[in-house]
Amino acid sequence: MTTVQADRTDRPGYPVPRPDEAHWPGLATPPRAPLRARVAETVFRSAVASLPIRVVLPDGRVLGAGGKDAPVMHLVRPSAFFARLGADVKIGFGEAYMTGDWTTGAGTDLADLLSAFAARLTKLVHPALQKFRYLVERTQPAHEENSKQNSRSNISRHYDLSNELFEEFLDETMTYSSAWFEPGDDLKSAQLRKIDGILDLARVRSGMRVLEIGSGWGALSIRAAAERGAHVTTLTLSSEQRTLAQERAAAAGVADLVDVRLQDYRDVTGQFDAIVSVEMIEAVGEKYWPTYFSALDTHLTPGGRVGLQSITMPHDRMMASRQAYTWIHKYVFPGGIIPSVRAIEENLARTKLSIVESRDLGPHYARTLGLWRERFVANWSRLEGAFDETFRRMWEFYLAYCEAGFRAGAIGVSQLGLARHPFGG
């Protein structure tokens, strides 16, 4: 297990800088909703009573069922914490960490603490209260629905933050998706194995015309061209990604084989011998899943294969949460939704494609995220001039939150090989 040492601001009572109003409007001031705050406190106390953690209040009182070695959560400003939780539990918990209303105890890794919550995610709120979720949960806003216009904006909000940010925590391949580890692998080796796994599922060989939906910073397209001799058309909606991917393809000597386009997958024309798409479907949106899978089918030549990598969640949880507006939507991935394998299969049933191969990489993503977070914390000093302390805490929470989800099995990730139904069925 990777342990990430928090810096000096993660100490009980340490004054975390107030979020700058220009960059974080309204975040510094907790909501004013006394009744909701009291309800949130009651629910929180009940929820943590059986968790293997220690929640330490400013007066020294301790909540939770954890022993002396359990992860420690310090409530630095309880009133602000419960006010945020009462206003919106799926957003307020993360915002309270961003603002320093709560923090980890000395020696506690943030992902260890969050894993305790994630392991019992569906049981934290009593079943009798679940039916009232609609009263307190917001739904995703219309302006973040993944139409062509909105998709460009949604992608830009995350991937155009700066290439330098991602360079500080990704490995040298600049691969921003789950790696595939074998004994002795470093992060780079594991990422290259993952890429090769997708290319193998798509049966990519020399001379093939390959479509990649979701370029990242070019690692997969460059490897497909340099190692397999494929001609790759790769699509991104991020200007920052496109610029760096083009530079990296040129540096690798494959600029003539890699065409990096600033283009929506819905605007593609022509057919390709293979299609690959790594962790892009999460940004498509449920409404557009039929369009996405239809595009795969339409643009794949007869006998072609698709290599798809997707984060997944259990189908019942997906159905229960698919309209919810969460902290991840607000601060990290606007418009996103994680599909279930069943949802993928149901959408494929409308096409001539089906899943013919699969592998699960869930535990590998937990390790990947731990290594990313370790590098982010270690290299933060090189980013301080461009990003503030609130951003640092936001990004650390994001990486630890996702790591905890994969550790607990609340979310997974699969590599899927798609092909047309055998015998023309």
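Some notes on this structure:
- Residue count for segment 158-208 under the criterion of being part of a helix (DSSP H, G or I) and in contact (Cβ under 8 Å) with a residue 24 or more places away in the chain: the result is 18.
- Residue in segment 358-373 that is in a strand (DSSP E or B) and within 17 Å of Ser277 (Cβ to Cβ) present: yes
- The single condition from (1) among the charged types (D, E, K, R); (2) touching a residue at least 12 places away in the same chain (Cβ under 8 Å); (3) more than 17 Å from Ala111 (Cβ to Cβ) that Glu346 fails is (2).
- Residue in segment 399-421 that is in a helix (DSSP H, G or I), out of contact with any helix residue (DSSP H, G or I) (no Cβ under 9 Å at 6 or more places or on another chain) and either in the same structural domain as Ser162 (by TED's automatic domain parsing) or farther than 23 Å from Trp327 by Cβ (or both) present: no
- The residues of segment 316-342 that are in contact with an Asp or Glu (Cβ under 8 Å, 6 or more places away or on another chain) and part of a helix (DSSP H, G or I), listed by number, are Trp327, His329.
- Among residues of segment 212-236 that are assigned to a helix (DSSP H, G or I), those with a beta-carbon under 8 Å from a residue that is surrounded by fewer than 24 Cβ atoms within 10 Å (Cβ to Cβ) and polar (S, T, N, Q) at least six positions away or on a different chain give the pairs Ala219/Thr173; Arg228/Ser206.
- Those residues of segment 36-54 which are free of Cβ contacts under 8 Å to residues at least 40 places away in the same chain and either outside the structural domain of Ala118 (by TED's automatic domain parsing) or touching a His at 6+ places or on another chain (Cβ under 8 Å) (or both), in sequence order: none
- Flag: Ala295 matches the condition of being in a helix (DSSP H, G or I), more than 16 Å from the chain's Cα centre (by Cα) and not aromatic (Phe, Trp, Tyr).
- Scanning segment 366-387 for residues that are under 24 Å from Pro17 (Cα atoms) and touching a residue at least 24 places away in the same chain (Cβ under 8 Å) yields a count of 11.
- Test: residue in segment 184-196 that is among the polar types (S, T, N, Q), buried (at least 23 other Cβ atoms within 10 Å of the Cβ) and touching an Asp or Glu at 6+ places or on another chain (Cβ under 8 Å): yes
- Whenever a residue of segment 262-289 is in the same structural domain as Gly303 (by TED's automatic domain parsing) and surrounded by 17 or more Cβ atoms within 10 Å (Cβ to Cβ), its partners that are among the charged types (D, E, K, R) and in a helix (DSSP H, G or I), lying with C-beta atoms within less than 9 angstrom and at least six residues away or across chains, give the pairs Asp264/Lys148; Asp264/Arg152; Val278/Lys194; Gly285/Glu144; Tyr288/Arg266; Trp289/Glu346.
- Residues in segment 102-150 that are surrounded by fewer than 13 Cβ atoms within 10 Å (Cβ to Cβ), in a helix (DSSP H, G or I) and at pLDDT 75 or above: Lys148, Gln149.
The values are calculated or read from the model by the stated rules, or taken from the named source; none is laboratory data. Because the structure is predicted, anything quoted here is derived from the model rather than measured. Positions of Cβ are generated from backbone atoms using ideal geometry, with glycine treated the same way; all protein chains shown enter the neighbour counts.
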